[in-house]
Amino acid sequence: GEPVVLRNVLIGEVWLCSGQSNMEIPVQGGRDCPIEHSLEIIAESAQYPDVRLFSVKIDGGLTPREDVTGAWCEASPATVKTFSAVGYLFGRNLRRALGVPVGIINSSCGGTWIEAWFPAELQKHFGDFDPASLPTREGQSGMTTVEILYNGMIYPLHNFAIKGFCWYQGESNVGHHKAYADRLETMVKAWRDLWGQGELPFYIVEIAPYLYEGDGTSGARLREAQFKASREIPSSGIVCTNDLVYPYEDTQIHPCRKEEVGQRLAYMALNRTYGYTDILCEGPVYREMRIEGDEVLLFFDNDDSGFSPWYGISGFEIAGEDRVFHPAEARVLPGEKCIAVKSPAVQVPVAVRYCFRDFCPGNLTGSRNLPAYPFRTDNW
């Protein structure tokens, strides 16, 4: 019979941000993993008290749970510094553009495979999958077990109405790229079915350049799978991060430039979810090629405003029938909506790749400096 009084209640937009360590890492950074402009971001956070933050405590479950540990808090220097950098910066940019309160739920855990984030029952049809367990790496927390994070950190949230999802994961699945797009598509459908709010937007962050083990293209193949998933999953998109690393970060799996990641996620949400179509959200996307002599002409979608730079473009490789790729010279053809690529080492070209390496930051951009997505014209 006692009255219940609720204070400081806001009505606005709520997004769920999930994934592994590049989503989890806080604004203050981690050991040997600084976040660029972190002091400025933290110092200015008090200007946005209507950005609300909720961090789900890392916890697994063998069966779906009904509740999580965590609490809502206002954005402030004390709270922002320990909150997901990508999540907060995404929310802050939405708040600036929309002018309404924004809530961000961070439910992420470092070093985790995608298989830990959706029900095991949905994974049995994957031929390369052991439904009992996943490979673990030295030092991991054990949270890679199939569906354990789904049970403990996703399922309990499903009664909370949200606007959409942001997903930054994939590093742990490098080397297991062949079924990643199918797994991600299956996970997204499971999450949408769980919330029962229709095709909630799902925005992916491309894994950043990093020197993985293998033949030098294992990370590129995972990015390719992420891009494929973004084209197959309705109401989804992918943010390119290929240009958001410094040369010295080739062995740093947590690059410092999270501010631009949050910005680009916000641009995608503003364009595709909120209808701000004047805010572009994708750079050039490879469409087709034409071979003319020793040169390959490449054509792209999202090329309305042309390309930059005009010459000195880095990241292209070209190969002949021997399938050996050589660094290539690339230039924008004057008056044409295409890029010409060639190499003196290849007289009869067959295939072209752009930044299709584990660590190969490119500099090709399109409209309003949005980067071109890495790609390959072959399927070798």
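The values are calculated or read from the model by the stated rules, or taken from the named source; none is laboratory data. Just so it is clear, the structure is predicted and the values come from calculations on it, not from any experiment. Neighbour counts are summed over all protein chains in view; Cβ atoms, including those assigned to glycine, are modelled from backbone coordinates with ideal geometry. The accessibility values were calculated without ligands, DNA or RNA, using every heavy atom of the protein model including side chains. Shrake-Rupley method; radii C 1.70, N 1.55, O 1.52, S 1.80 Å.
If you scan the range 189-216, which residues turn out to be more than 15 Å from residue 236 (Cα to Cα), open to solvent by less than 30 Å² (accessible area, probe 1.4 Å) and more than 18 Å from the chain's Cα centre (by Cα)?
Matches in the range 189-216: 195, 216.
What is the residue count in the range 288-315 for residues that are modelled with pLDDT of 95 or more, outside any loop (DSSP other than H, G, I, E, B) and within 21 Å of residue 343 (Cα to Cα)?
Summing the residues that are modelled with pLDDT of 95 or more, outside any loop (DSSP other than H, G, I, E, B) and within 21 Å of residue 343 (Cα to Cα) in the range 288-315 gives 11.
Pairs needed: first member in the range 297-313, more than 18 Å from residue 374 (Cβ to Cβ); second member anywhere, polar (S, T, N, Q) and surrounded by 13 or more Cβ atoms within 10 Å (Cβ to Cβ); C-beta distance under 8 Å; at least 6 residues apart or different chains.
Final answer for the pair search is 304/367; 305/367; 312/363.
Quick check on my filter: what residues within the range 301-326 are among the aromatic types (Phe, Trp, Tyr) and surrounded by 15 or more Cβ atoms within 10 Å (Cβ to Cβ)?
307, 316, 325
Please go through the range 359-380 and pick out each residue that is surrounded by fewer than 22 Cβ atoms within 10 Å (Cβ to Cβ) and either aromatic (Phe, Trp, Tyr) or farther than 23 Å from residue 310 by Cβ (or both).
359, 375, 376, 378, 379, 380
Take the range 343-380 and flag every residue that is within 21 Å of the chain's Cα centre (by Cα) and of a type in the set (Ser, Thr, Tyr).
354, 365, 367, 373
Look through the range 79-117, keep the residues that are within 11 Å of residue 27 (Cα to Cα) and without any contact (Cβ under 8 Å) to a residue 60 or more places away in the chain, and return whichever of them is surrounded by the fewest Cβ atoms within 10 Å (Cβ to Cβ).
Among those residues, the one meeting the criterion is 82.
Inside the range 206-232, can you point out the residues that are under 10 Å from residue 358 (Cβ atoms) and in a helix (DSSP H, G or I)?
Scanning the range 206-232 gives 218, 219, 220, 221, 222, 223.
I'd like the full set of residues that are more than 15 Å from residue 166 (Cα to Cα) and either within 12 Å of the chain's Cα centre (by Cα) or part of a loop (DSSP other than H, G, I, E, B) (or both), limited to the range 235-273.
Within the range 235-273, 242, 243, 244, 245, 246, 252, 253, 254, 255, 256, 257 meet the criteria.
Which residues, taken from the range 163-185, are within 30 Å of residue 11 (Cα to Cα), assigned to a loop (DSSP other than H, G, I, E, B) and open to solvent by less than 10 Å² (accessible area, probe 1.4 Å)?
Answer for the range 163-185, where residues must be within 30 Å of residue 11 (Cα to Cα), assigned to a loop (DSSP other than H, G, I, E, B) and open to solvent by less than 10 Å² (accessible area, probe 1.4 Å): just 169.
Quick one: would you say residue 60 is out of contact with any strand residue (DSSP E or B) (no Cβ under 8 Å at 6 or more places or on another chain) and not in a helix (DSSP H, G or I)?
In short, yes.
Report whether or not residue 200 is without any contact (Cβ under 8 Å) to a residue 40 or more places away in the chain, within 14 Å of residue 164 (Cβ to Cβ) and in contact with a strand residue (DSSP E or B) (Cβ under 6 Å, 6 or more places away or on another chain).
Yes.
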